[in-house]
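For reference, the structure is listed below as structure tokens.
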Amino acid sequence: MTLHLPFDNSYARLPGVFYARLDPTPVKAPGLLAFNTALAAELGVSPGEALEQAQVFSGNAVPEGAEPLAQLYAGHQFGNWNPQLGDGRAILLGEVVDGQGRRRDVQLKGSGPTPFSRNGDGRAWLGPVLREYVVSEAMHALGIPTTRALAAVATGEEIRRETWLPGAVLTRVAASHIRVGTFQVFAARGQKDAVQRLTHYTIDRHYPEADGPRGLLVAVARAQAELVAAWMSVGFIHGVMNTDNCALSGETIDYGPCAFLDRFHPMRVYSSIDRMGRYAYGNQPNIAVWNVAQLATALITLADDQDAAVEEYTQIVQGMGETLRAAWLRRFRAKLGLSREEPGDAALIGDLMDRMAENQADFTNTFRALATGAARDQFLDPAAFDEWEAGWRRRLEGEPDPEVVMRAANPAFIPRNHRMEEMIAAAVAGDMAPFERLMSVLARPYEDQSEAADLMRPPTEDEEVPATFCGT
Ligand code: AMP
Ligand code: MG
């Protein structure tokens, strides 16, 4: 084999309570759908040939140096405690240290049942695999911390969902897969040693400057605040912000029923399973704080003086709201072309967004068009924009480089939901051209690409995808 991954597996060296060791389950007829050559180079992976890639990234051949395992975790799903989840359809092959010295997980998703599969089949179908591939890579190109996609392989097997669908395996690369739920499972079981061990491990791996559990909590609160502010700034709705989908690394993880907004509305929800709107666009900051509060609760088990820790951690969690607000303001100022800070800025941004919601303005296109003077066309009643614009123009006076700032903060291209559905339908029919095109355009989201104007267009009523189903 010429395909080689330079494994160095630290999670596998942790005690056995953290995982179950097992190999991926082979599939019938693996066929390579996509391979991320640039990411492979970054990871020091020698890519080999397509045939080998299909074998390794379907799980049919376990590469040298891999120590496959499924990780244990628990989590709050839509607010309800689930005492045991874990990798039910994913297997960590191992870790590589990339060219910049960063340790990265290489994980197969859809690789067959594990001891944590509960009633699931351990598999994924082509649609969610390609969705995650495209959206995670688009997120990376937008400059937002995220897991990455190294490969997608069709399994040649059909899997049962509402109907029979083609199976696929995604190879996901992540700073780690340590979640709030990883801490929760051991805290809930009273396994203090495991919480302690995991805390040390996470600090070493992600926040070496952090001082103990308290330092870890501070660092994670900051990373989550920055992450959610970044999502808000590009109109991203994660869709399943459960504590098991909240990574300590601060990366976006688990692209299930996620979507980017078309028409702006703060209470917009895309996930068909989110009936209460818990994870609506505008609720995401509150939920991020709630998730970090669950981490705090798990870490409190380590404190000698519980009462003091409760008080201290409560302050950290409450302070996260302010960090998030500051990050949000910084990002939205840039979206308006503002480099300086003035007291009325939050009100100016809020006023624009209220008007956008009332006028069904497309989130991405409105902000992008601020720099070109065409934003008013995005409003049902363009006068609503004009009224706001006058104040904004006054505020822009004396700003050094508003156009440059705006172009760097307002992408032209996001993975629009209706285009994703089109891409998936084509791929199911064997046509990967729409996938290739999306990947190439979304790799440069801040550049004008006149040949891709159709990918900027919001969906027509017919094209609109009302709900995105969970990626199972
Ligand atoms: P997710 O909604 O992808 O975050 O998954 C939540 C939990 O359900 C995780 O423990 C997954 O491993 C598990 N899960 C989701 N889909 C499947 C499946 N098809 N087979 C087994 N477990 C699954
Ligand atoms: Mg998950």
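Quick note: the coordinates plus some simple rules give every number you see, no bench work behind them. Just so it is clear, the model here is predicted, and its values are computed rather than measured. Using ideal geometry, Cβ is built from the backbone for each residue, glycine included, and neighbour counts are taken over all protein chains shown.
Beta carbons within 10 angstrom, averaged per residue: use that to sort the peptides 260-273, 355-368, highest first.
355-368, 260-273
What nm value, rounded to one decimal, do you get for the distance between Leu329 and His418 when each label is placed 7 Å out toward the C-beta?
For the pair Leu329/His418, the computed spacing is 3.8 nm.
Run down the lysines and flag those whose C-alpha is under 29 Å from the C-alpha of Lys28, throwing out any fewer than 8 positions away in its chain.
Hits, sequence-local ones excluded: Lys109.
Can you give the charge dipole size of the stretch 178-410 about its Cα centre, rounded to the nearest 20 debye, using +1 on the beta carbon of Lys and Arg and -1 on the beta carbon of Asp and Glu?
The calculation lands at about 480 debye.
Would you mind computing Rg(Cα) / (2.2 N^0.38 Å) for the chain, counting N as its residues?
Dividing the Cα radius of gyration by 2.2 N^0.38 Å gives 0.98.
For Val404, Val62, Val153, what ranking results if the residue with the fewest other Cβ atoms within 10 Å of its Cβ goes first?
Listing Val404, Val62, Val153 from fewest to most nearby Cβ atoms yields Val404, Val62, Val153.
If you filter the stretch 117-184 for GluC sites (Glu not before Pro), then keep DSSP loop positions with at most 15 other Cβ within 10 Å, what is left?
Passing both the DSSP loop test and the Cβ count: Glu162.
For the chain, what does the helix formula give at 222 nm: sum of -39500 (n - 2.57) over DSSP H segments with n ≥ 4, over the residue count, nearest 500 deg cm²/dmol?
Result for the chain: -13000 deg cm²/dmol, rounded to the nearest 500.
For His418, His140, what's the fewest-to-most ordering of other Cβ within 10 Å of each Cβ?
Going from sparsest to densest Cβ surroundings: His418, His140.
So, in Å, what gap is there between the alpha-carbon centers of the stretch 352-397 and the stretch 429-451?
Centre-to-centre distance over Cα atoms comes out at 27 Å.
If you place +1 on the Cβ of every Lys and Arg, -1 on the Cβ of every Asp and Glu, and leave all else neutral, what size is the dipole of the stretch 21-145 about its Cα centre, to the nearest 20 Debye?
420 debye
Taking R0 as 30 Å, what FRET efficiency do you get between Gln84 and Thr25 from their Cβ-Cβ distance, rounded to the nearest 0.05?
Calculated transfer efficiency: 0.90.
Take each uninterrupted DSSP H stretch in the chain, measure its Cα extent along the helix axis, and return the ones at 27 Å or beyond whose mean Kyte-Doolittle hydropathy is at least -1.0.
Membrane-span-like by this criterion, though nothing is claimed about a membrane: 212-233, 306-335.
Hey, can you grab everything whose amide H is under 5 Å from the amide H of Ala34? Only 5+ residues off in sequence or another chain; H modelled, so Pro and N-termini drop out.
Correct list: Ala152.
Which one of Ala453, Ile300, Thr171 has its Cα pushed farthest toward the positive end of the charge dipole of the chain, where Lys and Arg give +1 and Asp and Glu give -1 at the Cβ?
In the chain, that residue is Ile300.
Taking Cα pairs under 8 Å and at least six residues apart, what relative contact order does the chain come out at, in percent?
Once divided by the residue count of the chain, the mean separation gives 14 percent.
So for the chain: antiparallel DSSP bridges make up what percent, rounded to the nearest 5?
Bridges in the chain are about 95 percent antiparallel.
Local charge sum around His76 (other residues, Cβ-Cβ under 12 Å, Lys/Arg +1, Asp/Glu -1)?
Net charge in that neighbourhood comes out at +1.
If I model a spin label as a point 7 Å beyond the Cα along the Cα-Cβ vector, how far apart are those points for His200 and Arg457 in nm?
In this crude spin-label approximation the distance works out to 6.0 nm.
Would you mind getting me the FRET efficiency between Glu342 and Asp386? Use the beta-carbon distance for r and R0 = 25 Å, nearest 0.05.
The pair Glu342/Asp386 has a calculated efficiency of 0.70.
Using the number of other C-beta atoms within 10 angstrom as an exposure proxy, rank Glu322, Glu42, Glu464 with the fewest first.
Ranking Glu322, Glu42, Glu464 by Cβ neighbours within 10 Å, fewest first, gives Glu322, Glu464, Glu42.
In a shell of Cβ-Cβ distance under 11 Å around Leu32, excluding Leu32 itself, what net charge do Lys and Arg (+1) and Asp and Glu (-1) give?
Combined, the nearby Lys, Arg, Asp and Glu give -2.
Can you work out the Karplus-derived ³J(HN,Hα) for every residue in the stretch 449-455? Use 6.51 cos²θ - 1.76 cosθ + 1.60 with θ = phi - 60°, whole Hz, and x for glycine or proline.
9, 5, 6, 10, 4, 4, 7
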